[in-house]
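Chemist: Take a look at the following structure, please.
The values are calculated or read from the model by the stated rules, or taken from the named source; none is laboratory data. Please read these numbers as outputs of a predicted model, since none were measured by experiment. Using ideal geometry, Cβ is built from the backbone for each residue, glycine included, and neighbour counts are taken over all protein chains shown.
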């Protein structure tokens with residue numbers, strides 16, 4: 001893994017970080033401070049960034065590609081909780097605060113590049129920058145609300161309604177997520193998803 005300072009695409013990465021929903025309003029001095037702690041990592045499609053049950057926790061800022069947050073039961077059945085792409089983030093902050101293992105995995109849906117740092121270092125940074133902490137914790141709460149709303153949607157809406165909601169809220173991701181992944185997120189078979197997409201044309 002490379003630091004930003006040594007990365008051949010460091011100028012592009014710096015621009016991408018400035019567009020991140022948590023970092024975009026950060027003062028220049030604070031962003032420079034954070035940059036020194038970040039590592040740039042790349043992941044193949046299907047590669048986990050974090051495994052469910054792990055205790056080593058990290059903060060991720062997505063530079064390129066799509067990640068998913070997914071939970072699985074002991075029998076191996078999986079449920080996708082959310083997708084996240086460029087300008088977004090994923091985190092194990094809530095588990096860190098509650099002193100519990102991470103209750104989900106974070107996995108690359110496509111080839112992905114992230115800027116990351118360990119949770120202890122991220123928390124120390126937040127404690128030094130109160131405004132950033134407020135913005136970050138707001139985004140964590142929004143993310144948790146999004147996951148809860150999705151879970152409720154699976155129970156309350158029919159297949160067509162679930163697809164329509166996803167297209168309304170995540171139009172930018174609709175054509176980028178593999179059909180099998182999107183079908184799993186919406187609790188549909190790939191065949192049903194294909195049929196519903198044809199109806200909407």
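Chemist: Looking at 5, 54 in this structure, which one is part of a loop (DSSP other than H, G, I, E, B), without any contact (Cβ under 8 Å) to a residue 60 or more places away in the chain and within 18 Å of residue 125 (Cβ to Cβ)?
Modeler: Going through 5, 54 in turn, just one is part of a loop (DSSP other than H, G, I, E, B), without any contact (Cβ under 8 Å) to a residue 60 or more places away in the chain and within 18 Å of residue 125 (Cβ to Cβ): 5.
Chemist: Regarding the range 139-149, can at least one residue be identified that is surrounded by 15 or more Cβ atoms within 10 Å (Cβ to Cβ), in contact with a strand residue (DSSP E or B) (Cβ under 9 Å, 6 or more places away or on another chain), more than 17 Å from residue 84 (Cβ to Cβ) and at pLDDT 95 or above?
Modeler: No; the residues of the range 139-149 include none that is surrounded by 15 or more Cβ atoms within 10 Å (Cβ to Cβ), in contact with a strand residue (DSSP E or B) (Cβ under 9 Å, 6 or more places away or on another chain), more than 17 Å from residue 84 (Cβ to Cβ) and at pLDDT 95 or above.
Chemist: Quick one: in the range 46-78, which of the residues that are over 13 Å from residue 102 (Cα atoms) and modelled with pLDDT under 95 is surrounded by the most Cβ atoms within 10 Å (Cβ to Cβ)?
Modeler: For the range 46-78, the residue satisfying everything is 78.
Chemist: Condition first: more than 17 Å from the chain's Cα centre (by Cα), crowded, with 18+ Cβ neighbours inside 10 Å and over 30 Å from residue 34 (Cα atoms). Can you find one or more residues in the range 162-171 that meet it?
Modeler: Taking every residue of the range 162-171 in turn, at least one turns out to be more than 17 Å from the chain's Cα centre (by Cα), crowded, with 18+ Cβ neighbours inside 10 Å and over 30 Å from residue 34 (Cα atoms).
Chemist: Please pick out the residue among 80, 62 that is in contact (Cβ under 8 Å) with a residue 60 or more places away in the chain and not in a loop (DSSP other than H, G, I, E, B).
Modeler: Result of the check over 80, 62: 80.
Chemist: Looking only at the range 12-29, decide whether some residue is part of a loop (DSSP other than H, G, I, E, B), out of contact with any strand residue (DSSP E or B) (no Cβ under 9 Å at 6 or more places or on another chain) and at pLDDT 95 or above.
Modeler: Yes, there is a match, as at least one residue in the range 12-29 is part of a loop (DSSP other than H, G, I, E, B), out of contact with any strand residue (DSSP E or B) (no Cβ under 9 Å at 6 or more places or on another chain) and at pLDDT 95 or above.
Chemist: In the range 67-77, is there at least one residue being touching a residue at least 40 places away in the same chain (Cβ under 8 Å), touching a helix residue (DSSP H, G or I) at 6+ places or on another chain (Cβ under 8 Å) and over 23 Å from residue 123 (Cβ atoms)?
Modeler: yes
Chemist: For residues in the range 91-118 being part of a helix (DSSP H, G or I) and either without any contact (Cβ under 8 Å) to a residue 12 or more places away in the chain or buried (at least 18 other Cβ atoms within 10 Å of the Cβ) (or both), which is nearest to the chain's Cα centre (by Cα)?
Modeler: Checked the range 91-118; the qualifying residue nearest to the chain's Cα centre (by Cα) is 93.
Chemist: Does residue 85 fit the bill of being crowded, with 18+ Cβ neighbours inside 10 Å, under 12 Å from the mean Cα position of the chain (by Cα) and on the phi < 0 side of the Ramachandran plot?
Modeler: On the way: crowded, with 18+ Cβ neighbours inside 10 Å: yes; under 12 Å from the mean Cα position of the chain (by Cα): yes; on the phi < 0 side of the Ramachandran plot: yes.
Taking the combined requirement at face value, the residue satisfies it.
Chemist: Also, quick follow-up: Filter the range 151-174 for residues that are out of contact with any helix residue (DSSP H, G or I) (no Cβ under 6 Å at 6 or more places or on another chain) and within 13 Å of residue 83 (Cβ to Cβ) and give the result.
Modeler: Once the filter is applied, which keeps residues that are out of contact with any helix residue (DSSP H, G or I) (no Cβ under 6 Å at 6 or more places or on another chain) and within 13 Å of residue 83 (Cβ to Cβ), the range 151-174 yields 166, 169, 170, 171, 172, 173.
Chemist: Between a first residue in the range 135-146 that is under 13 Å from residue 69 (Cβ atoms) and a second residue that is in a helix (DSSP H, G or I), which pairs have beta carbons less than 9 Å apart while being 6 or more apart in sequence or on different chains?
Modeler: Taking only residues 6 or more apart or on different chains, the pairs are 140/93; 140/94; 144/94; 146/169.
Chemist: Applying the selection to the range 172-201, what residues are surrounded by 14 or more Cβ atoms within 10 Å (Cβ to Cβ), part of a helix (DSSP H, G or I) and touching a residue at least 60 places away in the same chain (Cβ under 8 Å)?
Modeler: Result: 173, 181, 184, 185.
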